[in-house]
Amino acid sequence: MRRPFIAANWKMNKTIPETREFLSSFLPEVEDIQDVAICIAPPFTSLVEAAAHLKNTRVLLAAQNVHFEEKGAYTGEIAPEMLADVGCEYCIVGHSERRQFFLETDDVVNRKIKALQKRGLGAIFCIGESLGERERGETFSVLRRQLDGGLDGVGPENLVVAYEPVWAIGTGRTATPEQAQEAHAFIRETMRQRYGEKTDRLCIIYGGSVTPENVDSLMACPDVDGALVGGASLTAASFLRIVKFRKE
Ligand code: PGA
């Protein structure tokens, strides 16, 4: 049995007071939720504030980025140890915005996942094809390349895979449940080939314009185990409705 995993990716949004305001209204509403893992990824500057609010709750804290080295002369970077230090349990890795704007390669993503696992932190590992790749019929080969590159030498521990078709992120254009299911089933089979039965509990979550309106139909897909939510995670009411999805 896989427990649904719903994560908020706030990206470059929310100051410390805004973080406080969100969590003050959101956390009391999710106190009783045990059957869904809820995770919030604020910007670095809000991690300490968020960690203080999440203490003694079941809500998990994630960072949005990490460097693969343990320490040293890497101006502007944050090490896995530092994330653990502020109370992070997960970190998003391989997001298409990092691949696109910050030129992260599969190799860099791989090194980051290894560095997180070494420090006992979970990775929310994002993969997904661009519109051109989908139109050229390359979706599965792109997913396989990203999985093979990102997971080379990596174990399945503390791993969450996020399928995020690039054309659906922040565009309001969600994958249909059929498109999501097809990609998730492919990812699950690829993971099964790689890790065997160890993947029985592995969550494969969907990201890309998830909203309160479409979450139920996405979560009804047998291989969609959760969601990575950007825009619709920025207001407490909207994210709350998403974590309280109903299977259609
Ligand atoms: P979106 O972002 O929900 O705003 O499309 C999702 C993501 O980038 O993780």
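The values are calculated or read from the model by the stated rules, or taken from the named source; none is laboratory data. Owing to the predicted nature of the structure, the values given are computational and were not obtained by experimental measurement. Ideal geometry is used to build each Cβ from the backbone, glycine not excepted, and the neighbour counts take in all protein chains shown. For accessibility, only protein heavy atoms count, side chains too; no ligands or nucleic acids. Shrake-Rupley method; radii C 1.70, N 1.55, O 1.52, S 1.80 Å.
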- request: Would you check which residues across region 66-86 are in contact (Cβ under 8 Å) with a residue 40 or more places away in the chain and either among the small types (Gly, Ala, Ser) or open to solvent by less than 40 Å² (accessible area, probe 1.4 Å) (or both) and list them?
  value: VAL66, HIS67, PRO80
field: Whichever residue in region 215-242 is among the polar types (S, T, N, Q) and open to solvent by less than 30 Å² (accessible area, probe 1.4 Å) and, among such residues, is nearest to the ligand (Cβ to nearest atom)
entry: SER233
- line: Screening PRO177, PRO212, PRO156 for residues that are closer than 27 Å to SER25 by Cα, in contact with a helix residue (DSSP H, G or I) (Cβ under 9 Å, 6 or more places away or on another chain) and surrounded by fewer than 22 Cβ atoms within 10 Å (Cβ to Cβ) leaves only PRO212
- line: Of (1) closer than 21 Å to GLU189 by Cβ; (2) away from the ligand (no atom under 16 Å from the Cβ); (3) in a loop (DSSP other than H, G, I, E, B), PHE140 fails just (3)
field: Residue check for ALA162: without any contact (Cβ under 8 Å) to a residue 40 or more places away in the chain, closer than 26 Å to TYR195 by Cα and of a type in the set (Gly, Ala, Ser)
entry: no
- request: Could you check how many residues of region 72-99 are under 16 Å from LEU228 (Cβ atoms) and either among the acidic types (Asp, Glu) or assigned to a helix (DSSP H, G or I) (or both)?
  value: 5
- request: May I ask you to list the residues in region 1-54 that are open to solvent by less than 10 Å² (accessible area, probe 1.4 Å) and in a loop (DSSP other than H, G, I, E, B)?
  value: TRP10, PRO42
message: I need a count of the residues in region 143-160 that are on the phi > 0 side of the Ramachandran plot and in a helix (DSSP H, G or I).
response: 0
task: Assess whether GLY196 counts as being open to solvent by less than 40 Å² (accessible area, probe 1.4 Å) and free of Cβ contacts under 8 Å to residues at least 12 places away in the same chain.
output: yes
- prompt: Any idea how many residues of region 191-233 are over 15 Å from the mean Cα position of the chain (by Cα), assigned to a loop (DSSP other than H, G, I, E, B) and within 18 Å of TRP10 (Cα to Cα)?
  reply: 2
field: Complete set of residues in region 48-75 that are more than 14 Å from the chain's Cα centre (by Cα), of a type outside the set (Gly, Ala, Ser) and under 23 Å from PHE101 (Cα atoms)
entry: HIS67, PHE68, GLU69, TYR74, THR75
- prompt: Among the residues of region 180-201, is any touching a strand residue (DSSP E or B) at 6+ places or on another chain (Cβ under 7 Å), farther than 23 Å from VAL154 by Cβ and at pLDDT 95 or above?
  reply: yes
